Amino acid sequence: MDSELLVIPGDLISVKFDANNVVLGPGVCISKKDNESIIPTSAGILQLQEKKNQNYIYIESNNKRYIPSMGDYVVGTVTGVFGDYFKISLSNFQSSVILSTMAFPNASKKNRPNLKNGDLVYARVSSCFKDIDVEIECIDPTTGKDGGFGLLEGGYVFEVKLGYARWLFFDKQNPLLEILASKCKFEIAIGINGKIWLKTDDLKTTLACSTIIENCQFLKQQDFNTEINKVFKKLNI
Amino acid sequence: MSEGNGQEEMGSIRFPAEILSVVAPDLSLKRHLDLGLRPCLRKFHEFKNLTLNVKSGLSRYDGDVDGESVTDSPVLGSSVIKSGNTTVICGITGGIVEIANVSTTTTSDDHDDSMEYTSIYPVVEISRGKLNGAPTDEEMILSQQLYETLLHSKILPKKSLIIDNIALKTNDDTNNNNNNRKRYAFVLYANIQVFSREGPLFDYCYGSLVKSLQTVKLPFIHFTDEEFIINDNRKNGGNVKPEIICDSEAYNQLKINEENINWSLTFGLVNNDDGKETIILCDLEGHAEETCCKSLINVIIDKNLKMRYLNIVGGDENVIIDENIVLKTVQLAKNRVNNILN
Amino acid sequence: MPKGIDVSNVAKDFELESLKQGLRLDGRKLNEFRDVEINIGNSYGSVDVKLGKTRIAVRISAEIVAPFEDRPFEGLFMINTEISPMASAMFESGRQSDEEILISRLIEKAVRRSNALDLESLCIIAGEKCWSIRADIHYLDYDGNFADISCIGVLCALLHFKKPDITINEHQEIIVHPINERVPVPLSILHIPICVTFAFFNPNDVEENIKGDSNAELIVVDPTMGEELLAYGSLTLTMNKNRELVQISKAGGLSIDAMVIMDCSNLAYEIACRITDQIREAIKADDAKRAEKRLEIRL
Amino acid sequence: MNVQDRRRLLGPANASPIVFSDVKEKKSKKIQAKPDDEISKMFINTGLVKNCDGSAYIEVGNTIIQVSIYGPRPIRGSFIDKAILSTECRFLPYLSQPNDSISRLTSSTSLITNYNGKLNLSNIEQKISSYIESCFLSCIYLENYPKSSIDIFIKILSVDTNLLNLVNDVVHCCSLAMVDAQIESKDLITSGNLRYLKSNNHIIMDPKCKDKDKDITNEVVEEGKLDLVVSFMNSRNDEIVGFWCEGNDTLEDDVLEKLIERCNDMSKEIRKNINFYLIESLE
Amino acid sequence: MSSGGSDELIYEAKLSVLNRVDGSAQLSISSRKDLDEGELGIICSITGPIESKARQESPQQSNLEISVMPHIGVASTREKLLEYKLKLVLDRVIDSFEYPRQLIQIVLQILNKPNYEDDTTIGSDDMNDFFSLNDLNGCLISTYLALIDSGISMKSSFLSSCCIINSNNQLTTDFNKNDLINSKSAHLIVYDLRNGKCNNLIYSESIGEFDEQIFFKNVLDKCKKEIENLNTKVIKNCITEKFKNDYIWKA
């Protein structure tokens, strides 16, 4: 981490790039003054990536407050059932997002998904603009199938910080889920909004796994094993 | 409903100036500035006209020349400021408080711990057609600002309010009140009424407060053995028996620190179109100016044209506030204050 | 349920099922009170307390005022329990929710009305001047059980607080001696009431009037926020080390067997004793620290 | 516990208001000397306050009244077929309100805690408010303004007279403001006010003297004193829209008739003056 | 906890001190000269962007709700004015157009004040705390840190500093209540930061008798130095520390 550059809002980023080929991600903007220098708007670790001849610049930080972004996989709670849509809460105290009854596989006017208040869904952010309500969908638009989205039944849901959730979700090299999988069988749905749903065959194991995932966000990788053993032992599994 | 062919003409809408200043204040401001004018139609450095009246007829002693025509108003000093459409009426009333006979022993040779100066407790009320009496944020902030500003201006010495000569108005001479060592002081309250709220409100309220303070006269005090019952509006208790009452006529002028009499002026800073030049606007007025000028400079200048308070708010990131612009503003303020106070 | 926090059915069912199996999500036993962490500040009467993730700061202050007309021989004591959105966005600023009112009543009864603070000792000149003691509780972080932590915080701060020494001269004038001049005076605390809160859950998720083995309520002590959100009722017992019961307050719709309350009080007594000792020790440790510091300065 | 008002700077809690000994009789009389059958001069002005729809200002002696009218303005909520009229009269907080003793005899609680009806209004303020409201209710064409409200805000800036005389001036100030706000009304309301002393059958028009009721314990009880204010629509056949009587005696029918007659005369006199002012201000 | 400071003041700061809110920071400022004086302690929490109440919603920007809570007693008009001044600065630095119709809730709890025991025992109802510059200074720094912790979008970084000119014409950032009362003038200065250097003056408040020369030459220089010092010795460290903890699982 030491080699990575920690920036704070307002700093000048002294990185050379081709201005025409730059894609700005979260946490950076173009200075309004000279229209070319890139300025961070939040504190974090500056990330520069080159993909398909384009430069991606964004700031990585491990925050708590989720801000919806196009394509994110999220875990949400149904907070309202209306005629042709559901209201879904992705994060406490935040404006709810819209899940249309048509955004399900094989949905039609007659074939409505039957969700109740308090139900948990796994979905994908399908429309996200600042000035209008965010929409999510429980369908994989490329295949028209459920793609793993939809109602989450049983198990347990808990919250972690956002950077950690992203790491669990994106980083194929993260060792935690692998070690855990070697200990027990589990189903997991990781929301980029920091909510993780997890289900195993029995309650104790579910409790153990969720406790471990929650606790490991405050531990070094080398301590993961110890933590896992400790929790399993305490619960006599 | 016309059966349109879906080809409705989208005409441009023309707004009158006062509507435009509400729906698009930034545009309104910009268009005026381009013409070298302001939405209020004044020039950039032109102040609003101002009339000050300290014989408003509100005060107890206003009509008094020979001690013969004192009214029974509780107002000890007052003033009225009119500027543009705005009228600010300030009335100062008094209360009496027992000075706590609590003292601290301090061995340190430092200066006195407490300040030598005090302030007035102001309540600002802006009439704006709203029912119910809870003060708005603006009223609360103004009141607090007035309190703090007057205090820091060092105009009202604490000792001017201390009552040291209390005449004993008792027929019973045997009952010597000497063992009553209670000491009393006046406290001053200000009630500031604002009508037709417009323009630099703090400046007007502060002006009316200071002007009123200059007219305050404090009545003579007697002890009484009469059973007076009065209705105390501010307390739940209802009836209280005052131990001291004030003479209906005799008074002293309140001693204030005349040298520190000062005046507040607020300026707005905006960028003109090309962003190279910063324009100073005097006495911000109206919706467009008040919402769009996010960079402000508030200066308080005293009688001797010395700066007593400076508040720079750089709310607008496009306005660079440098030494030059501040100096220019302060100079404008000094000229204006010289006109008003001297 | 407070606005803004959405608990999914999945989480509810799981929590309840865990409780049935005697497991709590934070790994505690059902009858286990969280560890209390007491930090005493530099100023007298300034205490920070943590109970798990729940955290408060208490500040005691004193001033000289006139006593109430109908109680000329007593000083004043008031507790301010305003909860800001700092603790959680579920608490609105400037508006008291029902939960807040409940918490402030609990504390009021536990500390003020139980005469933990000897008001008569605050009298300076009868009918004229007395001390007014004020406890401001600042709620910083919320993970359940504000009642118990508030009580611990206020008592600890009251025990730690010292008011400046005063003398009255021949003119009935009060002279206050700053604390760096004369040794300040501690408050007179008559006993240390400690609150212990229990939360009740209905295992079958329906209210039933007749209790039996099949639907005996689940009881946990010192509930977390998650548990409070799920609970059907709560019971706060206030006790002191003399085994005196100061307050019983039961809220919520679930009916509770009288014997259950007996069991709860036994547990509450144990906890109250332990916490009382902890408070005493914290104060003692701070006294020792201060004495050492004074010695250092003298040397 | 006394709950501290955290939204105002009230100063020390133990401060008591200044109490003045009475202004000596001869001196107070001197300013207010006026024949009993004369109406005192008033200074009137309209349209001074800009951020409202109509305003008026009246100065009579040391009494100063300001009225602002907001309306007709749209209201939220469900449809109503005519405008809601509301009136709020406030004295500046430091003014001692006339006939305080009346309010104190009727309610032992103090002014601030009076929460019945409108928030924070004292008894006197409420009485004036409701008198004005009932006068104008019968005068304004409320049905012309559906789904709206018309709010009258009366501010007493200074007061140096008795209650009913003040009410008399308030009525005129409101009428002027109503004209300034161009609210459609049946007529312009004016009123007359007098004091009747039963013992010597004496009538004082437009009585400017203050009530001697500062002190309940040794109140000066004037036997057979009656104060009367009657408000009219003089262009509508002298219809009476308001009637308020305060006093400690009874009235015979014929005397009452006579008194109303005298009030009407006074009302007409004032109406003439107001008409004159309005015509002047048009030019 | 990162601590450090200048020759005159010791700052201690820590981020992410609270669990329920989205960003938080605790700050204390104390005098190096007189350790017995006690510290100014402030804790700041930020929640947001969250759903705004309908009546507070603004169509294009986020709405800032700022509450300052005193260490003793309830919030009064004094705190209202502090909140207003804070808002003047935060409106400039928070990128409020990024979160239209949303609410950002900022709570500042004053935990300690230097020598507060002395203040409260004097039984007067007079407002003892005449000067709010110190509080404003602490509030600004802790709000900045909490904002950084929350990840809320900002146009620039900022820090503040305050100083007095005492009766001997000396400029100092270390002063107690007495010094303040007897000072010739007192100043609070806020700058935005660019790469650790003071960039633009974004807020200033000066009370007392002073002239333009003193303000521009001495006061601004002194405060700039203090701000840059604070940034390099304390702020940077505690932000780095936060990120180390946040990404501990990567190590």
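The values are calculated or read from the model by the stated rules, or taken from the named source; none is laboratory data. Predicted, not measured: the structure shown is a model, and the values here were computed from it. With ideal geometry, Cβ positions are generated from the backbone for all residues, glycine too; neighbour counts draw on all protein chains shown.
Overview of values
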{"quantity": "Within the range C:110-202, strands (runs of 3 or more DSSP E) holding 1 or more residues that are within 13 Å of chain B (Cβ to nearest Cβ)", "calculated": "C:123-125, C:129-141, C:165-168, C:174-177"}
{"quantity": "The lone exception for B:G286 - which of (1) at positive phi; (2) small (G, A, S); (3) within 11 Å of chain E (Cβ to nearest Cβ) it fails", "calculated": "(3)"}
{"quantity": "Count - residues of the range C:76-122 that are without any contact (Cβ under 8 Å) to a residue 40 or more places away in the chain and small (G, A, S)", "calculated": "3"}
{"quantity": "Among the residues listed as D:I128, D:I156, D:I124, D:I132, the single one being within 10 Å of D:L85 (Cβ to Cβ) and crowded, with 21+ Cβ neighbours inside 10 Å", "calculated": "D:I132"}
{"quantity": "Hey, A:Y164 at pLDDT 95 or above, buried (at least 21 other Cβ atoms within 10 Å of the Cβ) and more than 14 Å from chain C (Cβ to nearest Cβ) or not", "calculated": "yes"}
{"quantity": "Meets criteria (within 8 Å of another protein chain (Cβ to nearest Cβ) and surrounded by fewer than 19 Cβ atoms within 10 Å (Cβ to Cβ)) for B:E259", "calculated": "no"}
{"quantity": "Elements of type strands (runs of 3 or more DSSP E) contained in the range A:1-110, each with 2 or more residues being within 11 Å of chain E (Cβ to nearest Cβ)", "calculated": "A:28-30, A:38-40, A:44-51, A:54-60"}
{"quantity": "Residue in the range C:50-69 that is modelled with the highest pLDDT, counting only those that are crowded, with 19+ Cβ neighbours inside 10 Å and within 7 Å of another protein chain (Cβ to nearest Cβ)", "calculated": "C:A57"}
{"quantity": "Every pair of residues 6+ apart whose Cβ atoms lie under 8 Å, when the first sits in the range C:42-57 and is at positive phi while the second is in a strand (DSSP E or B)", "calculated": "C:G45/C:V58; C:G45/C:R59; C:G45/C:I60; C:G45/C:S61; C:G45/C:K162"}
{"quantity": "Residue within the range A:187-201 that is assigned to a helix (DSSP H, G or I) and surrounded by 18 or more Cβ atoms within 10 Å (Cβ to Cβ) present", "calculated": "no"}
{"quantity": "Looking only at the range C:12-41, and only at residues there that are touching a residue at least 60 places away in the same chain (Cβ under 8 Å) and among the aliphatic types (A, V, I, L, M), the one that is surrounded by the fewest Cβ atoms within 10 Å (Cβ to Cβ)", "calculated": "C:L30"}
{"quantity": "Residue within the range D:173-181 that is modelled with pLDDT under 95, part of a loop (DSSP other than H, G, I, E, B) and not aromatic (F, W, Y) present", "calculated": "no"}
{"quantity": "Considering residues of the range A:181-205 that are more than 20 Å from the chain's Cα centre (by Cα) and not basic (K, R) only, the residue nearest to the other protein chains (Cβ to nearest Cβ)", "calculated": "A:L203"}
{"quantity": "The range D:241-263, residues that are in contact (Cβ under 8 Å) with a residue 40 or more places away in the chain, assigned to a helix (DSSP H, G or I) and in contact with a strand residue (DSSP E or B) (Cβ under 6 Å, 6 or more places away or on another chain)", "calculated": "D:L259, D:R262, D:C263"}
{"quantity": "Residue within the range E:88-97 that is more than 16 Å from B:K294 (Cα to Cα), within 13 Å of chain B (Cβ to nearest Cβ) and of a type outside the set (F, W, Y) present", "calculated": "no"}
{"quantity": "Within the range D:146-161, tally of residues that are part of a strand (DSSP E or B) and either among the basic types (K, R) or within 23 Å of D:S78 (Cβ to Cβ) (or both)", "calculated": "5"}
{"quantity": "Test: residue in the range D:74-82 that is aromatic (F, W, Y), in a strand (DSSP E or B) and modelled with pLDDT under 95", "calculated": "no"}
{"quantity": "Any hit, the range C:248-262, residues being under 22 Å from the mean Cα position of the chain (by Cα) and in a helix (DSSP H, G or I)", "calculated": "yes"}
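Conditions (1) buried (at least 17 other Cβ atoms within 10 Å of the Cβ); (2) modelled with pLDDT under 95, marked per residue:
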{"residue": "D:V220", "(1), (2)": "no, yes"}
{"residue": "D:L226", "(1), (2)": "yes, yes"}
{"residue": "D:V241", "(1), (2)": "yes, no"}
{"residue": "D:N248", "(1), (2)": "no, yes"}
{"residue": "D:E252", "(1), (2)": "no, yes"}
{"residue": "D:K258", "(1), (2)": "no, yes"}
{"residue": "D:N273", "(1), (2)": "no, yes"}
